[in-house]
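Chemist: One structure, as structure tokens, below. Some questions next.
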Amino acid sequence: MTIPNSTFSDSAVENVSAEPSRKISLTLGLTYDTTAEGMDKGLEILRQIVAENDQLEENVSSGFTGFGDFSMNITFIYYIKEGADILDSQTEVNMEILKRFATVGLEFAFPTQTLYTIPRNGASVPAGNA
């Protein structure tokens, strides 16, 4: 790719190597049988993970952000400090999420679908029970 000097000199240049931290944004989908208390517990766990990790900035945002097709969604945004290993930090956070959510019985959702068949008598029953 060639960029003319006039375009380069007249435009703003962002120096990514000078970024003070790395923003990580996750969407975590929990199953629909998760209670309101379970959602609160999940949000608290996410805040604890950030507070206990010295590779992360204290600035964290998390919230119950929606009802998806297959899951109730939590958005989790955190920042990895400048100089910290990005991949190692993300792995550590993700592993802590898996461990702690499992410990309190919070399950991640996956795409599911219920199919109904209509038998000849006209009654609707789930496909697995036909």
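Chemist: Being touching a strand residue (DSSP E or B) at 6+ places or on another chain (Cβ under 8 Å) and either loosely packed, with under 11 Cβ neighbours inside 10 Å or hydrophobic (A, V, I, L, M, F, W, C) (or both) is the filter; apply it to region 85-96 and report the residue that is modelled with the lowest pLDDT.
Modeler: ILE86
Chemist: Among the listed residues GLU58, GLU44, identify the single one that is closer than 25 Å to ALA102 by Cα, modelled with pLDDT of 95 or more and charged (D, E, K, R).
Modeler: Numbers: GLU58 fails: modelled with pLDDT of 95 or more.
None of the other options fit; the residue is GLU44.
Chemist: Give the residue, chosen from PHE108, PHE70, that is free of Cβ contacts under 8 Å to residues at least 60 places away in the same chain and either of a type in the set (Phe, Trp, Tyr) or in contact with a Cys (Cβ under 9 Å, 6 or more places away or on another chain) (or both).
Modeler: On the way: PHE108 fails: free of Cβ contacts under 8 Å to residues at least 60 places away in the same chain.
Only one candidate qualifies: PHE70.
Chemist: Continuing with this model, one more query. Only one of (1) loosely packed, with under 10 Cβ neighbours inside 10 Å; (2) modelled with pLDDT of 95 or more fails for VAL16. Which number is that?
Modeler: The failed condition is (2).
Chemist: Identify, please: which residue in region 97-108 is over 13 Å from the mean Cα position of the chain (by Cα) and assigned to a helix (DSSP H, G or I) and is, among those, surrounded by the fewest Cβ atoms within 10 Å (Cβ to Cβ)?
Modeler: In this case the residue turns out to be THR103.
The values are calculated or read from the model by the stated rules, or taken from the named source; none is laboratory data. For clarity, every value in this text was computed on a predicted model and none was experimentally measured. Positions of Cβ are backbone-derived with ideal geometry, glycine not excepted, and every protein chain shown enters the neighbour counts.
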